[in-house]
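The values are calculated or read from the model by the stated rules, or taken from the named source; none is laboratory data. Small disclaimer: the values here were computed from a predicted structure and weren't measured. Note that we place each Cβ from the backbone using ideal geometry, even for glycine, and neighbour counts take in every protein chain shown. Note: areas computed on protein heavy atoms with side chains; ligands, DNA, RNA excluded. Shrake-Rupley method; radii C 1.70, N 1.55, O 1.52, S 1.80 Å.
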Amino acid sequence: MGFIKKDWTPAQADEWTKEDWIAIVLSPLSYIFLTIGTGLSILLLPIGFILLALGIISALLMHLVIDPKLKVISSEFEKKQHEYLEKLEESIRWEDNDG
Amino acid sequence: MVEFQFLDWLWIIVFVLVMIGSGALFYRLGKRSESDFFLAGRGLPWWLPASSVYATHTATDTPIWVTGVIYKYGFAGIWYTFFSAWCAISAFVSTRIFRRSLAYTQAEWNTLRFGGLGAEMLRGWISGWQVFMNMFILGWVGIAMGKVCHYVFGWEIWIGLISFSAICAVYVLSAGYWGVIMADFQQGIIAFFVIVIVSMWGVFAAGGPSEIVYKLGEMGESWRLNPFAFTGWFEGDFPIAWFITMMVISILGGFGMGTSIDWYPEAQRMQSAKSVRDASYSIWWGSALVLVRNSIWAVAILGFYVMFPNIESTAEYEMGWFKLGFDFLPVGLVGFFFAAIIAIHLSTVSTHLNLGAMYFTRDLYHHYFKPKATEKELVWVGRIATFVLLIGSFFYGLMMEELTSWLIFALWLMAAGVWLPNILQVVWWRFNAWGYLSAWIANLGMSWMVVWILPSFGVIPKLPDYEQFWLLMILGALIYIPVTLSTKPEKMDHLVRYYAMSRPIGWWKPVKEEAEKRGLLKTIEPFKFTEA
């Protein structure tokens, strides 16, 4: 799947790219198909099985597209998280800073 | 009333002890710090908050209103339950942005996104409103439990309301969010397992899946199987215009923060996840499970309809799924079913007790009253706030007589006028604290005007809920857009700091350029051709 980027640098992963938009489209579609497909499959209606399969496939595709990017965003952010948390605590303990 | 045997009581007693015990076991972890008491130390793998998302949104009142809409509208009523689909986009947009902010609460996020007096006013308002809202939700799920206990045991409503919420408070008071999340994990498993058993039992009591389809056809009610059986574009009480409104609210709402009342408990789960990726998957999978569960319920209710097709009273058919469990399960399993109802109830109550207490402790006490408070003191304030919320919820619960009208008002209308501002605060750099604050103030006044006051005086007709939503959105925009544009943007220093940390989506070009100029963003190396 050359169309979908697998190797990300931290700077590239921080940008909003087409992979995000593909996930943004596939994710609600997957929810819609899973919602209708589950019920109609339990009722043993053929259309239910088709919709359920579409729901599962769209969820898998979404995962394949977005997961490599999410991994890089997460690992990069975790490196800075401690420093960010210290700043957050400083802001809530504002009396200490104001003397 | 339902008659319980020894085995039924045994299930209930064992389950309650396990639920309390599993939560209270984490007492030592919960008392370590504010971060532990409210976010379990921010180190959870995705499946723990995901199970909590699922368990929390399986409340005692959920099967009541899901049954109500499916019985009334057939399988198409499933779209009433689709508001949880905001997580579809949120999991990859607003969840990512919020998790990167590291804010404990939405109120705290407001001070990271906005600055100055406006941001502090927003923080005060959102946190106060959330303390109230959590008390309100606790009241309404509590009264639903009261109704279930009245149906099963013939108890007075207040007994069911008070007793099970009080049991839940034991582990929330002792272990905080550690107790909530660990109990939610096992409650979520029990609840899902029992929902599948009871629903399939109901389906087979109605003759099985094929028989339900056949009987609906014989009754001339095959339309009930159609998920798109609407009453016209604008006509009837279930039009396509309503469906489109629901899709817009639920799906596009994922670009914003707070577009659904479920955002607030979910935001706590996002921050408790150990990474951005874990936060995204916890929200996505927790909600996927909620939607699948609703669909399983819907089939059971179609079976219930086949067996009991002519129930006129809403209050009676709303209890349909509970009736399937209590009337059709064999002795022994009825107690198992009731134990699962307790699990469903406790998971929701525990979340809102801890969440309301977090807004009070972090945003009001810690930030405004005592910024130098020690960790030990903050945990104790969290416990006291939990207790006060519990007592307050009993009063709210006893005041709510008509469950459905409150629920619809809370889900649709209290959010209508701030739905778009909740998205704008995420995607548009120019939207400022004064614009957002004015949207809230305008919405509070206008939602009451449009829904209750103007129709009672005959100034406007009583509008369907989807028309109220669009009207409130337009009226709100007429106030907050001019307010935003006529007041100064947030300070660039503040916006740049927020941008570098959270990397929001949308219209942030001036802020991004400034952040790049200051060297705060890593630049992407331009693509170069390399010689072979």
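Just give me the residues in the range A:1-41 being closer than 20 Å to B:Trp507 by Cα, of a type in the set (S, T, N, Q) and outside any helix (DSSP H, G or I), in sequence order. Correct list: A:Thr17 only. Taken over the range A:53-72, the residue count meeting the criterion of being among the hydrophobic types (A, V, I, L, M, F, W, C) and open to solvent by 10 Å² or more (accessible area, probe 1.4 Å) is 9.
Working only within the range B:255-307, note down all residues that are assigned to a helix (DSSP H, G or I), open to solvent by 10 Å² or more (accessible area, probe 1.4 Å) and within 20 Å of B:Ala191 (Cβ to Cβ). Within the range B:255-307, B:Trp285, B:Leu289, B:Val292, B:Ile296 qualify.
Among the residues of the range B:485-524, the ones that are open to solvent by 40 Å² or more (accessible area, probe 1.4 Å), within 14 Å of chain A (Cβ to nearest Cβ) and either part of a loop (DSSP other than H, G, I, E, B) or hydrophobic (A, V, I, L, M, F, W, C) (or both) come to 7 in all. The residues of the range B:263-279 that are within 11 Å of another protein chain (Cβ to nearest Cβ) and of a type in the set (D, E, K, R), listed by number, are B:Lys274, B:Arg277, B:Asp278.
With respect to the conditions (1) within 11 Å of chain A (Cβ to nearest Cβ); (2) in a helix (DSSP H, G or I); (3) touching a residue at least 12 places away in the same chain (Cβ under 8 Å), B:Glu120 lacks only one, and its number is (3). Scanning the range B:79-102 for residues that are aliphatic (A, V, I, L, M) and crowded, with 23+ Cβ neighbours inside 10 Å returns B:Ala85, B:Ala88, B:Ile89, B:Ala91, B:Val93, B:Ile97. From the list B:Ile212, B:Ile181, the one residue that fits, being open to solvent by less than 40 Å² (accessible area, probe 1.4 Å), touching a residue at least 24 places away in the same chain (Cβ under 8 Å), among the β-branched types (Val, Ile, Thr) and in contact with a Pro (Cβ under 8 Å, 6 or more places away or on another chain), is B:Ile181.
Here the condition is being open to solvent by 30 Å² or more (accessible area, probe 1.4 Å) and of a type in the set (Ser, Thr, Tyr); of A:Ser75, A:Ser27, it holds for A:Ser75 alone.
Exactly one residue out of A:Leu52, A:Leu44, A:Leu60 is part of a helix (DSSP H, G or I) and touching a helix residue (DSSP H, G or I) at 6+ places or on another chain (Cβ under 7 Å), and it is A:Leu52. The residue pairs whose first member lies in the range B:371-387 and is away from chain A (no Cβ under 11 Å), whose second member is aromatic (Phe, Trp, Tyr) and open to solvent by 20 Å² or more (accessible area, probe 1.4 Å), and whose beta carbons are closer than 7 Å, counting only pairs six or more residues apart or on different chains, are B:Val381/B:Tyr365; B:Ala385/B:Phe360.
For B:Arg430, state whether it is under 24 Å from B:Ile97 (Cβ atoms) and away from chain A (no Cβ under 14 Å). Against the criterion (under 24 Å from B:Ile97 (Cβ atoms) and away from chain A (no Cβ under 14 Å)), B:Arg430 qualifies. Does B:Ala85 satisfy the condition of being under 30 Å from A:Ile22 (Cα atoms) and among the aliphatic types (A, V, I, L, M)? Considered against the rule, which asks whether it is under 30 Å from A:Ile22 (Cα atoms) and among the aliphatic types (A, V, I, L, M), B:Ala85 comes out as yes. When the residues of the range A:10-46 are filtered to those that are at the interface with chain B (Cβ under 7 Å from one of its Cβ atoms) and β-branched (Val, Ile, Thr), the one that is farthest from B:Phe83 (Cα to Cα) is A:Ile42.
Among the residues of the range B:185-200, none qualifies, meaning not one is within 14 Å of chain A (Cβ to nearest Cβ), of a type in the set (Phe, Trp, Tyr) and outside any helix (DSSP H, G or I).
Farther than 17 Å from B:Tyr466 by Cα, in the same structural domain as B:Ala24 (by TED's automatic domain parsing) and of a type in the set (Val, Ile, Thr), is that true of B:Ile240? Answer is no for this residue.
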